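Q: To start, I am sharing the structure in question, which I have written as structure tokens.
The values are calculated or read from the model by the stated rules, or taken from the named source; none is laboratory data. Note that this is a predicted model, so its numbers are computed, not measured. Here the Cβ positions follow ideal geometry from the backbone for every residue, glycine too, while neighbour counts run over all protein chains shown.
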Amino acid sequence: MKKRRIGSLQVSEVGVGCNNFGWRLDAAATALVVDAALDSGINFFDTADIYGKGTSEEYLGKALGHRRKQVIIATKFGMAMDEKRRGAKPSYVRQAVEDSLRRLGTDYIDLYQLHQPDSTTPIADTLGALDQLVKEGKVREIGCSNFSPEQILEAVGQGKLGYAGFESVQNEYSLLQREAENYVLPECERLGLTFLPYFPLANGLLTGKYRKGQPLPGGTRLASSERHSGVLSDQNLSLVESLISYAEHQDRTLLELSISWLASHAVVASVIAGATKPEQVRANARAADWRMTEDGIAEVNSLLKRHQLRKAS
């Protein structure tokens, strides 16, 4: 699999989102997913301390074992582990990284990301703490997640004052959720930052499992969660049918289209898709083999634009 750059890091074009580890998957099932990823040429694993309240990092570290140096590990901090372990104050940055290093069973983190902005802490203070971790060799590169364009600009400005700077931005982006196109993606391109789209398959809606006029598949995340019920709107399902039709005309699947369309953006470093089974990881990896043509990308974008106009009318 081809690789792209995040600062000094070389990451596979498709990565594994590890939010299922320690939640929907136990240690044994996690190991199967990790093995399948490595066998498929994937070297990028994105987790967070909050996933499974730490067990995602633990299971990932155990599954990798002696293969640690073959991969790029990204993790995050800042969301509340509990009332005391949260935020981005320098003292907590130090505690959070030590906790993640211990759980992962490693002495360095390749990409350490602030999971969300902390309005109670100046970004300069957080960057100063992260810069120290980089100098100590405990962190190789740093990034942020869920930042607005204004927050990205502020952080980049502080980085120019001598701190280590963010190399990546991780926000939601998919064929169905395209808000990042308005401001964040253009800012990343202008500033030379890479972008990591999370929920690239829209919580499973872009896998092809959910079809208009058909019963919801049992046991799936969208079918069992009220939080995501709005994703299954008639408008979204209509768009899914249009996208499936386009993909089938290319002898491809909706999943392949969803991942390849994201990978067609040069600013995207890796499409980090979650998985609960080895076959899902292998399917995600195969999707990177499809290099969409400029005409194909334009056709899909035109389809998306028509959907957006109908939605607004």
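Q: For the stretch 289-303, indicate whether the set of residues that are out of contact with any Asp or Glu (no Cβ under 9 Å at 6 or more places or on another chain), modelled with pLDDT under 95, within 26 Å of Gln214 (Cα to Cα) and not acidic (Asp, Glu) is non-empty.
A: So far as the stretch 289-303 goes, yes, one or more of its residues are out of contact with any Asp or Glu (no Cβ under 9 Å at 6 or more places or on another chain), modelled with pLDDT under 95, within 26 Å of Gln214 (Cα to Cα) and not acidic (Asp, Glu).
Q: Separate question: Have a look at Asn203, Asn236 and point out the one that is at positive phi, part of a helix (DSSP H, G or I), of a type outside the set (Gly, Ala, Ser) and modelled with pLDDT under 95.
A: Criteria check complete, one pass: Asn203.
Q: Does at least one position in the stretch 172-183 carry a residue that is buried (at least 16 other Cβ atoms within 10 Å of the Cβ), polar (S, T, N, Q), outside any helix (DSSP H, G or I) and touching a residue at least 40 places away in the same chain (Cβ under 8 Å)?
A: For the stretch 172-183, residues buried (at least 16 other Cβ atoms within 10 Å of the Cβ), polar (S, T, N, Q), outside any helix (DSSP H, G or I) and touching a residue at least 40 places away in the same chain (Cβ under 8 Å): present.
Q: Moving on. Among what's in the stretch 117-169 and is in a loop (DSSP other than H, G, I, E, B) and basic (Lys, Arg), pick the residue that is nearest to Thr194 (Cα to Cα).
A: It comes out as Lys160.
Q: Go through the stretch 48-63 and report how many residues are touching a Gly at 6+ places or on another chain (Cβ under 8 Å) and not charged (D, E, K, R).
A: Qualifying residue count, the stretch 48-63: 7.
Q: Do we have any residue at all in the stretch 80-95 that's polar (S, T, N, Q) and within 29 Å of Pro186 (Cα to Cα)?
A: no
Q: Considering every residue within the stretch 250-263, establish whether at least one is surrounded by fewer than 21 Cβ atoms within 10 Å (Cβ to Cβ) and at pLDDT below 95.
A: The answer is no, given that none of the residues of the stretch 250-263 is surrounded by fewer than 21 Cβ atoms within 10 Å (Cβ to Cβ) and at pLDDT below 95.
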